1. What does the extension gain come out to for Glu168 and Leu290, with contour length at 0.36 nm per residue minus their alpha carbon separation?
2. So if I take the centroid of the Cα atoms in region 4-41 and the same for region 347-407, what is the distance between those two points in Å?
3. Measure nothing fancy, just the Cα-based angle from helix 160-177's long axis to the longest principal axis of the chain, in degrees from 0 to 90, nearest 10.
4. Zone of Lys161 (label point 7 Å along Cα→Cβ, backbone N under 20 Å): which residues in region 100-135?
5. Angle between the Cα long axis of helix 300-319 and the longest principal axis of the chain, 0 to 90 degrees, nearest 10?
6. Could you tell me which of rounded, prolate or oblate describes the chain, using a ≥ b ≥ c as the square roots of the eigenvalues of the alpha-carbon gyration tensor, with rounded for a/c under 1.5 and, failing that, prolate when a/b is larger than b/c and oblate otherwise?
7. For region 60-298, place one equal point scatterer on every Cα, skip the solvent, and apply the Debye formula. What is log10 of I(q)/I(0) at q = 0.13 Å⁻¹?
8. Assuming 0.36 nm per residue, please report the length gained on full extension of the stretch Asn10 to Gln328 beyond their Cα-Cα distance.
Amino acid sequence: MDLFEKLKSNRGPLGSYAKEVHGYFTFPKLEGEIGPRMIFRGKERLNWSLNNYLGLANHPEVRKADAEGAARYGAAMPMGARMMSGNTDLHEQLERELADFEKKEDAILVNYGYQGIMSAIDALVDRHDVIVYDSESHACIIDGVRLHMGKRYVFPHNDIKNLEIQLERATKLIADTNGSILVITEGVFGMSGDQGRLKDIVELKKKFQFRLLVDDAHGFGTMGKTGAGVSEEQGCMDEVDLYFGTFAKSMALIGGFIAGDAQVVEYLRYNMRSQIFAKALPMPLVVGALKRLELLRTQPELKDNLWKITHALQGKLREEGFEIGKTQSPVTPVFLNGSIPEAANLIFDLRENYNIFCSMVVYPVVPKGVIMLRLIPTAIHSLEDVDYTIKAFSSIKDKLKAGHYERAMEKVM
Ligand SMILES: Cc1ncc(COP(=O)(O)O)c(C=O)c1O
């Protein structure tokens, strides 16, 4: 069969719905300044769908730094990969500041979180080594594991007893291969909002020999006393061997970093294919990241505000009888029961009649019959936004129960 004919007839699990949902449920366009209120289809909506946790995206100092970075250096600089011709003092300064913030010896920048963590996993292990990872790991970890030529064992999400079993298996295996073990988990799981059990995992180092890589995409800037992440929150920064953070969430930018022991970071610098064979992070992003990191460190009120809104939102949702699962972070899932068509009608109602924009997740990401709405509070939402949203959610929950969404809503697409 011709490759393109095959792709046209089987458009993938999400692509097969594209015709019906494109532009509304998928690939929606949020316009205007980034913030709690944005324009969707020409109308202002209260927006709970961006990982702009600290509200930095539109912070005046950030906007100024972004503009100055672009004006001074342009988007092209530096040309080439860091190793060949694209290294600069500012890249190195950013790495030093990130390492200091994470209390690690060194850090390496990556151009995209997704690509960076995949490539780091690829560089860290060889076919003699074993990867042990959490079953609910983000796609970038799964893809990194796919690159691994050796064995991989998965443990059910946050199941430490099972992790121990997998570590026993892995330990036996590496005795034959003369390899090593890499455990991978997340700081905050981005869908459910619960934390990886880092403290319990590092306890297992007393019994097993392994190194731990933590993807803390959602925890960096939001968790821990200083915002250094879930390892700080759980008091195990030293025992997390490699800490990964992205700039795409709290920092409202693009890029990311991996922090750890100096020699291991140097190993990554010389062995991470996605960085060796790709153009360096552009200067405006580096300048912008330095400013964001400065604000993240020096303006704790940003994180305090985020948590004020988070506590209000999650507390009131619980008070009103909503099921919000086991979240231990700002990520706020709301679980409802209904079919996929009901979910679509509900979201349509929420957007068009209540002017609330949030993300929705249905089967196969959550079990059949479950509708998960995902709210991301930020430092720049207000308590009035929370109250308005709780009222709207109570109203749509009642309508869902009464079967209102079984009837098709007006077609908009
Ligand atoms: C847990 C996790 N890791 C990694 C990534 C990828 O980061 P980036 O957007 O910087 O590529 C994400 C982004 O959604 C994430 O949620």
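Read the figures in this text as sums done on the coordinates, not as results from a lab. Since the structure is predicted, the reported quantities are computational estimates derived from the model, not experimental observations. Glycine gets a Cβ as well: all are built from the backbone with ideal geometry, and neighbour counts include every protein chain shown.
1. Value of the extension gain: 39.7 nm.
2. Their Cα centres are 19 Å away from one another.
3. 30 degrees
4. It comes to 133-135, nothing else.
5. Relative to the chain, helix 300-319 is tipped by roughly 50 degrees.
6. It comes out prolate by the Cα gyration axes.
7. Once normalised to I(0) and log-transformed, intensities are -0.75.
8. Contour length minus Cα-Cα distance gives 110.6 nm.
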